[in-house]
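Read through the structure below, which is laid out as structure tokens, and then see the notes.
Every read-out reported here was derived from the displayed coordinates using simple, explicitly stated rules and does not represent laboratory data. Since this is a predicted model, take the numbers as computed values, not measurements. FYI the Cβ positions are ideal-geometry reconstructions off the backbone, even for glycines, and counts take in every protein chain you see.
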Amino acid sequence: MDLGCYNLHVARDVAAALGGTLRPVAVRAGRHPGIDPRVDATATVECELPNGAVAHLESSLEGPDGYSVLVTGTRGTIRQPNFINVSEDDRVILTVNGDESVEHHGTTSTYTHQLRALVAAVREGAAFPTDLDNAIVSMELIDECYRLAGLPLRESTLD
């Protein structure tokens with residue numbers, strides 16, 4: 001779920017925009033032979049969104065590299081080809097009723113955005129967009145995905 005945590009976070013944000021929470025319902029995971037059996041190499045996660053729609057999440061350490069988001073609605077799609085590395089591709093492609101348009105949202109790296117948020121929090125007391133509660137919800141979702149996949153949970157090293 002190393003790479004899968006990004007997909008889960010995006011799906012959580014979509015669920016929140018729909019007024020609710022994300023619920024994983026089915027997970028398939030593959031493993032690397034000879035590697036720690038607690039570590040997944042691939043994961044496919046089916047989740048339910050608050051409106052009853054299904055979110056299909058895929059991640060793989062085996063490749064090919066791909067970090068796209070595709071949201072399909074009744075009138076069209078929104079696709080972001082590379083949501084993690086926007087410095088290489090900042091497009092958001094909208095297709096509505098068959099008409100396609102492309103928006104560019106800037107090539108500032110996600111890491112630069114994270115650093116700016118940290119600086120604002122430290123220097124100005126600004127709220128940090130992903131706080132401890134957010135991290136705990138993410139880890140609970142990852143644990144649920146592991147349970148659904150039949151993978152063992154990793155024990156906490158915190159006392």
* Asked: Can you name the residue in the range 126-135 that is surrounded by 12 or more Cβ atoms within 10 Å (Cβ to Cβ) and not polar (S, T, N, Q) and, of all such residues, is nearest to Ala15 (Cα to Cα)?
  -> Phe128
* Of the numbered conditions (1) loosely packed, with under 12 Cβ neighbours inside 10 Å; (2) closer than 21 Å to Gly4 by Cα; (3) without any contact (Cβ under 8 Å) to a residue 12 or more places away in the chain, Arg123 satisfies every one except a single condition; which is it? -> (2)
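Is there a residue in the range 43-53 that is small (Gly, Ala, Ser), within 13 Å of the chain's Cα centre (by Cα) and surrounded by 13 or more Cβ atoms within 10 Å (Cβ to Cβ)? Let's see the steps before the verdict.
Initially, the range 43-53 is screened for residues small (Gly, Ala, Ser), giving 43, 52-53.
Restricting the remaining residues to those that are within 13 Å of the chain's Cα centre (by Cα) gives 43.
Next cut, surrounded by 13 or more Cβ atoms within 10 Å (Cβ to Cβ) only: 43.
Looking through the range 43-53, at least one residue is small (Gly, Ala, Ser), within 13 Å of the chain's Cα centre (by Cα) and surrounded by 13 or more Cβ atoms within 10 Å (Cβ to Cβ).
Val69: buried (at least 18 other Cβ atoms within 10 Å of the Cβ) and under 21 Å from Leu151 (Cα atoms), yes or no? Talk me through it step by step, then tell me what you get.
On the way: buried (at least 18 other Cβ atoms within 10 Å of the Cβ): yes; under 21 Å from Leu151 (Cα atoms): no.
Against the criterion (buried (at least 18 other Cβ atoms within 10 Å of the Cβ) and under 21 Å from Leu151 (Cα atoms)), Val69 does not qualify.
Considering only the range 30-121, give the strands (runs of 3 or more DSSP E) lying wholly within it that have at least 3 residues that are more than 17 Å from Val14 (Cβ to Cβ) and of a type in the set (D, E, K, R). Let's see the steps before the verdict.
Numbers: elements: 40-48, 54-60, 69-72, 76-80, 91-96, 99-104.
Where strands (runs of 3 or more DSSP E) fall fully within the range 30-121 and carry at least 3 residues being more than 17 Å from Val14 (Cβ to Cβ) and of a type in the set (D, E, K, R), they are 99-104.
Can Ser138 be described as part of a strand (DSSP E or B), within 23 Å of Ala15 (Cα to Cα) and not hydrophobic (A, V, I, L, M, F, W, C)?
On the way: part of a strand (DSSP E or B): no; within 23 Å of Ala15 (Cα to Cα): yes; not hydrophobic (A, V, I, L, M, F, W, C): yes.
Answer is no for this residue.
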* To do: Hey, can you tell me all the residues within the range 90-140 that are small (Gly, Ala, Ser) and at negative phi?
  => Ser101, Ser109, Ala117, Ala120, Ala121, Ala126, Ala127, Ala135, Ser138
* If you take the residues of the range 97-154 that are of a type in the set (S, T, N, Q) and within 15 Å of the chain's Cα centre (by Cα), which of them is nearest to Thr77 (Cα to Cα)? -> Thr110
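Would you be able to tell me the number of residues in the range 42-56 that are under 17 Å from Arg31 (Cα atoms) and touching a helix residue (DSSP H, G or I) at 6+ places or on another chain (Cβ under 7 Å)?
To start, the set of residues in the range 42-56 that are under 17 Å from Arg31 (Cα atoms) comprises 42-45.
If we keep only those that are touching a helix residue (DSSP H, G or I) at 6+ places or on another chain (Cβ under 7 Å) too, we end up with 43, 45.
Looking only at that region, the number is 2.
Select from the range 1-29 the residues that are of a type in the set (Lys, Arg) and part of a strand (DSSP E or B) and list them in ascending order.
Narrowing the range 1-29 to residues of a type in the set (Lys, Arg): 12, 23, 28.
Residues satisfying the conditions are Arg23, Arg28.
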